[in-house]
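Chemist: Let me give you the structure first, and then I'll get to my questions.
No value in this document is a laboratory result; all are computed from the given coordinates. Note that the structure is a prediction, hence the values are computed from the model and not measured. FYI the Cβ positions are ideal-geometry reconstructions off the backbone, even for glycines, and counts take in every protein chain you see.
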Amino acid sequence: MKSKSQSSGKRIGRRKSVHDPMALLDAVGLGRKPEMRRKRDVIFSEGEPSKNVYYIRDGSVKLSVMSKEGKEAVVGILGPTDFFGEDGIAGTKVRMSTATAASDCDLMRIDNRQMAQALHGDHDFSDFFMSYLLTRKARVEADLVDQLFNSSEKRLARALLMMARYGREGATESTIPKVSQETLASMVGTTRSRISFFMNKFRKMGFIKYNGGVQVHGSLLNVLLHD
């Protein structure tokens, strides 16, 4: 009978790359609960028990929180290869945000216990997931700096570039699903009329195009670099 370490070694040998999340999920026995969601479906709600982690194979997911007055604040738009709902692994008992499908989504639902076992039992997967979380943390900190110091025009440009995954290793996407101007206004922290003004400006300058979604050109980066 083969030992666990021998078996684990074989699984690692079959992996395509430590940069291929699905290969890692398959190798540690995860990613076996596909879940299809339609646009606007609520995946989980703020205050619900935190029992699962989700991985996005395709589509986009909006994370939001609600104030006591009933005002929604969008805290992030995630896309393919992103995880969400991982706070339960750290011991958080309830969801701290609401996750809604921003487009039709192909997700993988992973039980917290399975995820914890994989993280403790597989170094490659643990290293990959830790790197992902650190990158996500850095992005959240950059979002805070963006809100504190940048103009609403720059905040919108950055939000569009982030959703288009500009500069992300291995990312080839440049078109994002159609996002309402109300959602963008909530993300950026400005009014819908300002979002409309800047989106029209970006379109006239050739930074974005509308083609069912929003095609984001890398030249939009110029808005961030311009003082």
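Chemist: Return the sequence-ordered ³J(HN,Hα) values of region 68-78 in whole Hz as given by the Karplus equation 6.51 cos²θ - 1.76 cosθ + 1.60 applied to θ = phi - 60°, using x for Gly and Pro.
Modeler: These are the phi-based 3J(HN,Hα) values: 4, 7, x, 8, 8, 10, 7, 9, x, 10, 10 Hz.
Chemist: On to the next question. What does the highest-first list of 63-72, 210-219 look like by mean Cβ count within 10 Å?
Modeler: Ranking, from highest mean packing down: 210-219, 63-72.
Chemist: I need the Debye-formula profile for region 152-225: one equal scatterer per C-alpha, no solvent, reported as log10 I(q)/I(0) at q = 0.12, 0.13, 0.17, 0.23 1/Å, two decimals.
Modeler: Once normalised to I(0) and log-transformed, intensities are -0.27, -0.32, -0.56, -1.06.
Chemist: Here's something else I'd like to know. Using modelled backbone amide H atoms (1.01 Å from N, in-plane), which distant-in-sequence or interchain residues come within less than 5 Å of residue 103's amide H?
Modeler: 40, 60
Chemist: Over 26 Å between Cα atoms, which of 71/209; 33/62; 178/204; 154/209 qualify?
Modeler: The answer is 71/209.
Chemist: Taking the simple approach of a point 7 Å from Cα along Cα-to-Cβ for both residue 150 and residue 219, what is their distance in nm?
Modeler: Distance between label points: 2.0 nm.
Chemist: Which value, in debye to the nearest 20, gives the size of the charge dipole of the chain about its Cα centre, when Lys and Arg are +1 and Asp and Glu are -1 at the Cβ?
Modeler: Using only the charged Cβ atoms, the result is roughly 400 debye.
Chemist: What spacing in nm lies between the two simple spin-label points modelled at residue 113 and residue 203, each 7 Å away from Cα in the Cβ direction?
Modeler: Placing both labels 7 Å along Cα→Cβ, they lie 5.2 nm apart.
Chemist: Under the rule of at least 5 residues apart or a separate chain, name every residue whose amide H is placed under 5 Å from the amide H of residue 96.
Modeler: Those qualifying (amide H under 5 Å, at least 5 residues apart or on another chain) are 47.
Chemist: What's the magnitude of the charge dipole for region 87-140 around its Cα centre, counting Lys and Arg as +1 and Asp and Glu as -1 at the beta-carbon? Answer in Debye, nearest 20.
Modeler: In total the dipole reaches around 340 debye.
Chemist: For the chain, what is the calculated [θ] at 222 nm in deg cm²/dmol (nearest 500), taking -39500 (n - 2.57) for each run of four or more DSSP H residues and dividing by its residue count?
Modeler: Theoretical 222 nm ellipticity from helices: -12500 deg cm²/dmol.
Chemist: Report ³J(HN,Hα) in whole Hz for each residue of region 216-225, in order, from the Karplus equation J = 6.51 cos²θ - 1.76 cosθ + 1.60 where θ = phi - 60°; Gly and Pro get x.
Modeler: 9, 8, x, 5, 4, 4, 4, 5, 6, 7
Chemist: I'd like to compare 150-156, 140-146: which one has the highest average count of other Cβ atoms within 10 Å, and what's the full order after that?
Modeler: 150-156, 140-146
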